[in-house]
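S.K.: Below you will find the structure I want to go over with you.
Read the figures in this text as sums done on the coordinates, not as results from a lab. Quick caveat: nothing in here was measured; it's all calculated off a predicted structure. In this analysis, Cβ positions are derived from the backbone assuming ideal geometry, glycine residues included, and neighbour counts consider all displayed protein chains.
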Amino acid sequence: MLQIEDLSVDIGDRRIIEGLHLIVEEGETHVLLGPNGSGKSSLLLTILGYPRYKVIGGSIMFKGEDITNMPTTERIKLGVGISFQHPPAVRGVRLGDMVNVAFGKKTEDAITSDVVELANTLKFGVDFLERDVNLGFSGGEVKRSEIMQLVAQNPEFIMFDEPDSGVDVENVELIGGVMRDLLDRDKKPSARQKSGLIITHLGFILNYVKVDRAHVMMDGKIACSGNPKEIMDEIMTDGYERCRSCQR
């Protein structure tokens, strides 16, 4: 599904990703760990094609197609989706209209039963669909708003930037259940068609979404990869110091 080879990325005159390699097969969900400032969110935004992130070397292949220099809109059409860690509030745009767009409808279309049903799944009342996107929302409501738009979009490769940060236990469980469904995690492995990449610091979301492989990112590179539970246990015990020693 996703193949990144020898990727190097700059913001301005600063190198933020250096010679990174990553493969996520169809039907797999991986977790990306690492200390603050290691380049995790930058990697997701580079995959998305965010203009500030300049690819200096290497390639990003999605479903066999080179998307390294493709505009963000084209990547989305191909099936890439993202849930941002800190999405902005959008004044003057109703949440219901945003979900309509994600479903492939027009903003002026009436809010239909499928939108209302999806809102109910995420514990949003119909009144929330009339509110401006993320304006005055709590942390949990912002996360659920992001997930709701992703479900409507239904991408094939889904990136989640810290879906469990700033969210209470009840919301983490709800979000985790929807993510699990969106990523085909409750299907047998041979039937899974969606792939995902999840960034998390404390790993709470991993109690609800089982992942196939974990990667630790340090200083813009993948320092190590392996069994998610083993790597998470190691980090919880010794932090990232052993990862730094492995990197050296």
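S.K.: Taking the Cβ-Cβ separation of ASP168 and THR112 as r and a Förster radius of 41 Å, what is the calculated FRET efficiency to the nearest 0.05?
M.R.: Numbers: r = 30 Å, r/R0 = 0.74.
Once the sixth-power term is evaluated, E becomes 0.85.
S.K.: While we're looking at this one, here's another question. Kindly work out what percent of the DSSP beta bridges joining two residues of the chain are antiparallel, to the nearest 5. If you can, show how the numbers build up before the last one.
M.R.: On the way: 23 of 40 bridges.
Roughly 60 percent of the DSSP beta bridges within the chain come out antiparallel.
S.K.: So if the hydrodynamic radius of segment 193-238 is defined as the Kirkwood radius over C-alpha pairs, what does Stokes-Einstein give as its diffusion coefficient at 10 °C and 1.306 mPa s, in µm² per second?
M.R.: In µm²/s, the coefficient rounds to 138.
S.K.: Now for a different question. Can you grab the distance from the C-alpha centre of segment 19-49 to the C-alpha centre of segment 73-114, Å, no decimals?
M.R.: 23 Å
S.K.: Who wins for biggest fluctuation among GLY196, GLY64, GLY96 in a Gaussian network model of the chain, springs between alpha carbons below 10 Å?
M.R.: Comparing GLY196, GLY64, GLY96 in a Gaussian network model of the chain, the most mobile one is GLY64.
S.K.: Just to confirm the filter: which trypsin sites (Lys or Arg not before Pro) across segment 23-115 are DSSP coil and have at most 15 other Cβ within 10 angstrom of their Cβ?
M.R.: On the way: sites: LYS40, ARG52, LYS54, LYS63, ARG75, LYS77, ARG91, ARG94, LYS105, LYS106; in loops: ARG52, LYS63, LYS105, LYS106.
Sites meeting the loop and neighbour criteria: ARG52, LYS63, LYS106.
S.K.: OK, next. With a point put 7 Å past each Cα toward its Cβ, work out how far GLN3 is from ASP127 in nm, to one decimal.
M.R.: It works out to 5.2 nm between the two label points.
S.K.: Additional query: Contour minus end-to-end for GLN193 and THR237, with contour as 0.36 nm per residue of separation and end-to-end as the Cα-Cα distance? Present the calculation step by step, with values, prior to reporting the outcome.
M.R.: Numbers: separation 44, 0.36 × 44 = 15.84 nm, distance 3.43 nm.
Going from the current span to full extension adds 12.4 nm.
S.K.: So, R0 is 25 Å and r is the distance between the beta-carbons of ASN69 and ASP181; what FRET efficiency does that work out to, to 0.05? All intermediate terms of the calculation are to be shown ahead of the outcome.
M.R.: Working: r = 33 Å, r/R0 = 1.33.
Efficiency, rounded to the nearest 0.05: 0.15.
S.K.: Based on Cα positions only, what radius of gyration and what Dmax would you give for the chain, in angstroms?
M.R.: Looking at the chain, its Cα Rg and Dmax stand at 18.0, 57 Å.
S.K.: If R₀ is 35 angstrom, what is the calculated FRET efficiency for the pair ASN120 and ASN36, using the beta carbon separation as r and rounding to 0.05? All intermediate terms of the calculation are to be shown ahead of the outcome.
M.R.: Numbers: r = 36 Å, r/R0 = 1.03.
Efficiency, from the Cβ-Cβ distance: 0.45.
S.K.: In nm, what is the difference between 0.36 nm times the number of residues separating ASN207 and GLU25 and their Cα-Cα distance?
M.R.: On the way: separation 182, 0.36 × 182 = 65.52 nm, distance 2.20 nm.
That works out to 63.3 nm of additional length.
S.K.: OK, next. For segment 91-166, what class follows from the C-alpha gyration tensor (a ≥ b ≥ c being the square roots of its eigenvalues): rounded when a/c is under 1.5, otherwise prolate if a/b is larger than b/c, else oblate? Could the numbers behind the result be given before it?
M.R.: Working: a/c = 1.64, a/b = 1.20, b/c = 1.37.
The shape class here is oblate.
S.K.: Choose one answer from ASP114, ASP161, ASP97: the residue with the largest mean-square fluctuation in a GNM of the chain with alpha-carbon springs under 10 Å.
M.R.: Judging by the Gaussian network model, the answer is ASP114.
S.K.: Find the lysine pairs in the chain meeting two conditions, Cα atoms under 19 Å apart and a separation of 8 or more places or different chains, and report how many there are.
M.R.: Number of lysine pairs found: 14.
S.K.: Nearest 500 deg cm²/dmol is fine: what mean residue ellipticity at 222 nm does the chain get from its DSSP H runs of n ≥ 4 alone, each adding -39,500 (n - 2.57), divided by its residue count?
M.R.: Details: 9 runs with 84 residues, N = 248.
Taking each H run of at least 4 residues, the total per residue is -9500 deg cm²/dmol.
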